[in-house]
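Only one structure is covered here, and it is reproduced in the block below.
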Amino acid sequence: MKELTKAEDQIMQVLWKLEKAFVKDIVKQLPEPKPAYNTVSTIVRILEKKGFIGYKAFGKTHEYFPLIAKEKYTRFYLNNMITRYFNGSFQNLVSFFAKDNGMKVQEIDELVRELEKIKTKKPRTPS
């Protein structure tokens, strides 16, 4: 899987939200200034070639739908970001946000509680 460009990501966000849409429906959902219909149509065809979306033909028009779940792409994107910018370390990521973005102690505590929940839900492997 490849990372999406900013324009491709914007189109995918709309398709994930709507679940299926014609190009005109996608254009309606985009913020001002709205790109031209042909621009959106071109990006949609690129996404289809990349395997991110599929379509159902209705005569000459197509209704598009995501082939890649938002959660799957989010996982892929975040794993790439952590690898590239934080040496593959989730700890480095959290440390970055804690130091550079003024993460509050309360937020860190909440994150630790969430991680503990995940840790206790994972099945233990025998030693």
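Laboratory data are not the source of any read-out in this text; all were calculated from the coordinates shown. If you're wondering where the values come from, they're calculated on a predicted model, not measured in any experiment. Here Cβ is always computed from backbone atoms with ideal geometry, including for glycine, and neighbour counts include all displayed protein chains.
With a threshold of 27 Å on the Cα-Cα distance, the over-threshold entries among 6/56; 17/56; 6/72; 34/104; 2/104 are 34/104; 2/104. Taking the Cα centre of the chain as origin and assigning +1 to Lys and Arg Cβ atoms and -1 to Asp and Glu Cβ atoms, the resulting dipole is close to 420 debye. Distance from the Cα centroid of the stretch 45-78 to that of the stretch 11-42 is 12 Å (rounded to whole angstrom). Spacing of the modelled spin labels on residue 111 and residue 97, each 7 Å from Cα toward Cβ, amounts to 0.5 nm. Show log10 I(q)/I(0) for the chain at q = 0.11, 0.19, 0.22 Å⁻¹, two decimals, from a solvent-free Debye sum over equal Cα scatterers. For the chain at q = 0.11, 0.19, 0.22 Å⁻¹, log10 I(q)/I(0) is -0.58, -1.03, -1.19.
Helix 70-85 axis versus longest C-alpha principal axis of the chain: approximately 60°, rounded to the nearest ten.
Ranking of 53, 118 by neighbouring Cβ atoms within 10 Å, starting from the fewest: 118, 53. As an equivalent ellipsoid, the stretch 12-59 spans semi-axes of 17, 12, 11 angstrom, where each value is the square root of five times an eigenvalue of the C-alpha gyration tensor, largest first.
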